[in-house]
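J.: Shown below is the structure under consideration.
Only the coordinates and a few stated rules stand behind these numbers; no lab work does. Computed from a predicted model, the values in this text were never measured in an experiment. Counting neighbours? That spans all protein chains shown, and the Cβs are built from the backbone with ideal geometry, glycine included.
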Amino acid sequence: MQAVFNKYPDNAFIGMGIEIALYHHERWDGSGYPDRLIGKNIPLPARFMAVADCYDALRSDRCYRNGFNHEQVISMLQGDSGTHFDPEIVRCFMSIESMFRSVTY
């Protein structure tokens, strides 16, 4: 990633992609990885991706379990608001969650 950023240092899109790749597993409460960032120290694009990635992962079938239904995932996201996820991002997601209900997995 650093090589790409070094080649295109002024490309904001590449910079945002790197932030997402590096930090979308950080947790709002600081217990995530790789750097145990806390709260708003986690780049905003990564905080958005954390919610989107979790929603997709929980809705999708895996070899070891079936995907959860929309309502179950919504409940899990709300339960992790303020610990795993930025509560503002979860609130934003909740304002449009009905749009995701009809997505087929």
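J.: Determine which residues of the range 81-105 fall in the zone a paramagnetic label at residue 69 would reach in this model, i.e. backbone nitrogen under 11 Å from the point 7 Å along Cα→Cβ.
T.: No residues fall inside that zone.
J.: Label point 7 Å out from residue 91 along Cα-to-Cβ: which residues of the range 45-60 have amide N under 19 Å?
T.: In the range 45-60, the label zone of residue 91 (backbone N under 19 Å from the point 7 Å along Cα→Cβ) covers 45-52.
J.: Calculated FRET efficiency, residue 103 and residue 2, Cβ-Cβ r, R0 35 Å, to nearest 0.05?
T.: FRET efficiency, residue 103 to residue 2: 0.50.
J.: Say we join alpha carbon atoms closer than 10 Å with springs in a Gaussian network model of the chain; which of 82, 39, 15 then has the biggest fluctuation?
T.: Of 82, 39, 15, the Gaussian network model singles out 15 as fluctuating most.
J.: Something else: With viscosity set to 1.002 mPa s at 20 °C, what whole-number translational diffusion coefficient in µm²/s follows for the chain from Stokes-Einstein and a Kirkwood radius over Cα pairs?
T.: Rounded, D is 145 µm²/s.
J.: A further question follows. Relative to the present Cα-Cα distance, how much length would full extension add between residue 61 and residue 12 at 0.36 nm per residue of separation? The partial results should precede the final answer.
T.: On the way: separation 49, 0.36 × 49 = 17.64 nm, distance 3.39 nm.
Stretched fully, the residue 61-residue 12 segment lengthens by 14.3 nm.
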